[in-house]
Amino acid sequence: MLRSQTAPLLVRKDSALSVIAPVVRGAPLQGDTLALMDAVGLGGLLGTKNPFMLTRRATYDELLATGNLSLLRSSELRVALVEHYMNLDIASARMPARIADYPLFVHKYYPAELREQKTSADVRAFGVRRALQAFRSPAFEALMDQEINSMYFVKSQMENTAKATDEMLRRVEEARAGG
């Protein structure tokens, strides 16, 4: 799931934040205002105060709840599995504190209903000048910077999690094969 679903969203988010950052920091707007507004919206992908789960733990939780974790013959593998999930829990718990209120700010000035099949007239009627002013404010710049930092933290955690999970799967397969 991390590689197939979340990683592509982070790529879109990174691309969008790269487009808007210079404009938010004062560079002149180049190109289409509607495209910039869309990029502002995409910059908030995965940006909520909800816990960000790095893994699905149903099987592990069931092993713990039923006491079946002790059925693993290798005590080394049991310890490694417990440490693996403990590290995932710690990483997941650290993520919400790094996520900014960027999406809440954006929704004040560019509501979701304007993001699908909108026209220039729709956005002008909503007040694109007012929105652009808000997106060039120091408050939004600070939120954008937090969002960028959060994105890099999440990307780093995801990469670490993917590597650790691959290693854990390798160890489980090795144990299954009797190695």
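Pull up the range 153-179, narrow it to residues that are part of a helix (DSSP H, G or I) and among the aliphatic types (A, V, I, L, M), then point me to the one that is surrounded by the fewest Cβ atoms within 10 Å (Cβ to Cβ).
Per the stated criteria, the residue is L169.
Kindly provide the set of residues from the range 94-115 that are modelled with pLDDT of 75 or more and among the basic types (K, R), ordered by number.
Listed by number, the residues that qualify are R94, R98, K108.
Could you check the range 32-56 and list, in sequence order, the residues that are at pLDDT 80 or above and part of a loop (DSSP other than H, G, I, E, B)?
G43, G44, listed by residue number.
Here is a list of conditions, (1) more than 27 Å from A35 (Cβ to Cβ); (2) free of Cβ contacts under 8 Å to residues at least 40 places away in the same chain, and M158 meets all of them except one; can you say which number that is?
So M158 meets the others, but not (2).
Among the candidates A121, A125, A91, A134, which residue alone is modelled with pLDDT of 85 or more and in a helix (DSSP H, G or I)?
Going through A121, A125, A91, A134 in turn, the sole match is A134.
Look at the range 3-28 and say how many of its residues are in contact with a Leu (Cβ under 8 Å, 6 or more places away or on another chain) and either outside any helix (DSSP H, G or I) or of a type outside the set (A, V, I, L, M) (or both).
4
The values are calculated or read from the model by the stated rules, or taken from the named source; none is laboratory data. Just so we're clear, the structure is a prediction, and the values are computed from it rather than from any experiment. All Cβ positions, glycine included, derive from the backbone under ideal geometry; neighbour counts span all protein chains shown.
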